[in-house]
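This report concerns only the one structure given below.
The values are calculated or read from the model by the stated rules, or taken from the named source; none is laboratory data. It should be emphasised that the depicted structure is a prediction, and the values quoted were computed from it without experimental measurement. So basically every Cβ, Gly included, is an ideal-geometry build from the backbone, and we count neighbours across all protein chains shown.
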Amino acid sequence: MAGAWSWWTAGTRPFGAVAYSAIGVPSAVALVVVVTTGARADGRRAASASFAAQAAKVPVGVRVAWVAWLVAALGCEAVALALGGRSTTFATLSTAVDHLLRTRLSRGGLVALWLATGAGGVARLARAARGQLR
C-alpha cells in the first residue's frame, strides 16, 4: 500500500491541492497515532525515560561528530544559497535532491523513504511508551 501511495503521490502536480493532500493524509495519520500512543501520562513518562536512557548511552565523541557534520552541511547549503542557489560547481544536498526529483520513480522512492522513516519513528515512540525501547 505504501508503494502504491508513493507512486501515486510522485505523479501529482507539485504544490497543488492533490499533492498537499497526498502528503497531509499520512501526516495526519501519524499525528493521530502519536497523540493516541503517548496521550497517557504514564506513557509519556515511560517514553521520556526510555529515550533519555538511550541518549545517555551515546558517547560524547559521536554527538560531537554529528553536530560537526550538521554544521558543515548547513554551511555548504548557506554558501550555495549565497551563490544564488544554482551553482553547478558547488555540490550540496539540495542540488543532489534536485537531481533525484527529476523522475517519477525517484520521487516515488523518496516518498516511500519518507513514509518508512515516519512509520519507524511512530513505532519507536509506541515501544518507548510501553517501556520496551532497547
(request) Consider only pairs whose beta carbons are under 6 Å apart and that are at least six residues apart or on different chains; among these, list those whose first residue lies in the range 106-134 and is among the aliphatic types (A, V, I, L, M) and whose second residue is crowded, with 17+ Cβ neighbours inside 10 Å and assigned to a loop (DSSP other than H, G, I, E, B). (result) Ala129/Gly38
(request) Mind listing just one residue for me: the one in the range 14-42 that is among the hydrophobic types (A, V, I, L, M, F, W, C) and not in a helix (DSSP H, G or I) and, of those, nearest to the chain's Cα centre (by Cα)? (result) Phe15
(request) Evaluate the range 34-48: report whether one residue or more is at pLDDT 80 or above, over 18 Å from Gly121 (Cα atoms) and out of contact with any Ser or Thr (no Cβ under 7 Å at 6 or more places or on another chain). (result) no
(message) Quick test for you: out of Ala56, Ala46, pick the one residue that is out of contact with any strand residue (DSSP E or B) (no Cβ under 8 Å at 6 or more places or on another chain) and surrounded by 11 or more Cβ atoms within 10 Å (Cβ to Cβ).
(response) Ala46
(request) Quick one: in the range 86-118, of everything that is among the hydrophobic types (A, V, I, L, M, F, W, C) and at pLDDT 85 or above, which residue is surrounded by the most Cβ atoms within 10 Å (Cβ to Cβ)? (result) Val111
(message) I'm trying to understand the selection: among the residues of the range 1-33, which are small (Gly, Ala, Ser), closer than 17 Å to Ala126 by Cα and surrounded by fewer than 16 Cβ atoms within 10 Å (Cβ to Cβ)?
(response) Ser27, Ala28
